[in-house]
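*Asks:* The structure under discussion is supplied below as structure tokens; questions concerning it will follow.
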Amino acid sequence: MLAWVVTVLVILLPAGRVALGNETAGAIIITARGMAELLAGCLITGRFRHSGSRSDAIAAAGLGIMAVADLTFTLGRATVAPDAISSAPVLPYQLVGAGMLAVAAFTPGRALVKRPRRRLVVGATAVPALFVLALQEAHLAPLAVPAGGSEPVEIVVLRLAAFGLLAAAAAGFARRRSPPTDAMRPWLTAALTLAALAQAHRLAVPAPAAAVFTWTHVLQLAAVGALVRGCVAEVGSYQARIAELAVRDERRRMARDLHDGLAQEVAFVASQTKYLADRTRDDRMSLIAASAERALDDSRFLVGTLTRAAVLPLSASIAMQAEEFARRWGLKIELTLADADVAPDKRQAILRILGEALFNAARYAEASTIRIALGTTGGGMLLAVRDDGRGFDPEQVDGVGFGIRSMRERAQLLGAELRLESEPGQGTRVELALP
């Protein structure tokens, strides 16, 4: 909105117009624009290889057409027509590319194919280049602008159409609901908006006779910056997903090792001690057998937590953890869970804190009902666990019990705040606030 207001003021107020003498400004900006479009097109093509989305395929092709047109124009200007001033010859290709981006903005993201083959990806990348080169070879867009004066009618029509398509594409991407992994969409929307404003400015303010740096160039340069920033955000999202997959694989490996190693050994110890306890009728052996059973339950619970935390939302993981705990200890658990967006690398620590709070409520507080609430507050997440157990004096236990120390240490590593409220005979409330 601010860019629109500034552009209108510049158009209406001649004193705000800028015209700095620079013969190469236009060529440099078109080259930068072509490189940014090429990079964005390559990144979206890589996304299409994994998603198969028809929207990604169309957007990649549109950006490819615009990139090849810009780069071939600057190459031709450097080698064939170094004295050329106007960039009007790229307008037809910009128009086609903008039209494809507008179509992509309003095309559903459903998969075009389940698993795009390499040939399809290469073809989607090569077709734009062949399209532009074929049109240039056939001389289908030999537009020229005379030095000084107003632009020909056909160029004005092309600019007007390009403005409309770029604005439509920006509006389509702005209203589009994309997944959180689509980090480029907001910046692509900004780049298309600025590119549309550049066309509007050129339509409203005639180009000067000499090659100079104007507000049109400023808007084009801002569009290049927004597109490059979107590419950086896209690469950053790739790195975050790679890290998430690495963490997921490591958790699965740990879960397999625990299941095949420690859990099996504990299961053997539990079965043997139970057998001996039944044969000897020794109270100490019965205690050992009960402890071994609890250790087996804990190991199985940990295996389940490791496998679920990487693939399920936090609310679903909490619900499954509470259900297993209620079945194991014979407790009543009431859930009030809302959606909370938490990074995958923090879910495991949150679930471990919740597990410790539930274990303390069942084993030490002798609670019969536990209430778990998950929600958002002040832009952060709040997890509350309240039990109706016998309670305790926090001043006598805090800093002594290993479970409480473990919960506080995990909360500190998360950058969260752990609050503990309890009184003898009044139950206990544990709150975890994550900004």
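*Asks:* With the condition kept exactly as written, say whether any residue in the range 270-292 is in contact (Cβ under 8 Å) with a residue 40 or more places away in the chain and either of a type outside the set (S, T, N, Q) or surrounded by 17 or more Cβ atoms within 10 Å (Cβ to Cβ) (or both).
*Replies:* No, there is no match, as no residue in the range 270-292 is in contact (Cβ under 8 Å) with a residue 40 or more places away in the chain and either of a type outside the set (S, T, N, Q) or surrounded by 17 or more Cβ atoms within 10 Å (Cβ to Cβ) (or both).
*Asks:* Oh, and also: Assigned to a strand (DSSP E or B) and touching a residue at least 24 places away in the same chain (Cβ under 8 Å) - does that describe any residue in the range 320-333?
*Replies:* Yes, the range 320-333 contains at least one residue that is assigned to a strand (DSSP E or B) and touching a residue at least 24 places away in the same chain (Cβ under 8 Å).
*Asks:* Further question: For a quick check of your reading of the model, give me the residue pairs whose first member lies in the range 173-189 and is in a helix (DSSP H, G or I), whose second is polar (S, T, N, Q) and modelled with pLDDT of 75 or more, with beta-carbon atoms closer than 7 Å and at least 6 apart or on different chains.
*Replies:* Phe173/Thr189; Ala174/Thr189
*Asks:* Moving on to the next point. Restricting to the range 341-393, give me the number of residues that are in a loop (DSSP other than H, G, I, E, B) and charged (D, E, K, R).
*Replies:* Qualifying residue count for the region: 5.
*Asks:* How about the range 45-55: which of its residues are part of a helix (DSSP H, G or I) and either modelled with pLDDT of 85 or more or of a type in the set (Ser, Thr, Tyr) (or both)?
*Replies:* Matches in the range 45-55: Thr45, Ser51, Ser55.
*Asks:* Answer yes or no as to whether Asp257 is closer than 24 Å to Arg328 by Cα and out of contact with any helix residue (DSSP H, G or I) (no Cβ under 9 Å at 6 or more places or on another chain).
*Replies:* yes
*Asks:* Does Gly261 satisfy the condition of being loosely packed, with under 12 Cβ neighbours inside 10 Å, part of a helix (DSSP H, G or I) and touching a residue at least 24 places away in the same chain (Cβ under 8 Å)? Reasoning before the result, please.
*Replies:* Values: loosely packed, with under 12 Cβ neighbours inside 10 Å: yes; part of a helix (DSSP H, G or I): yes; touching a residue at least 24 places away in the same chain (Cβ under 8 Å): no.
So Gly261 fails the test.
*Asks:* Just name the residue that is modelled with the highest pLDDT out of those in the range 394-407 that are in contact with a helix residue (DSSP H, G or I) (Cβ under 7 Å, 6 or more places away or on another chain) and in a helix (DSSP H, G or I).
*Replies:* Here the answer is Met407.
*Asks:* Going by the structure shown, is Gly236 modelled with pLDDT of 85 or more, in the same structural domain as Met100 (by TED's automatic domain parsing), within 30 Å of Gln348 (Cβ to Cβ) and in a helix (DSSP H, G or I)?
*Replies:* Criteria met by Gly236.
The values are calculated or read from the model by the stated rules, or taken from the named source; none is laboratory data. This is a predicted model, so every value here is computed, not measured. Here the Cβ is made from the backbone with ideal geometry for all residues, glycine too, and neighbour counts use every protein chain on show.
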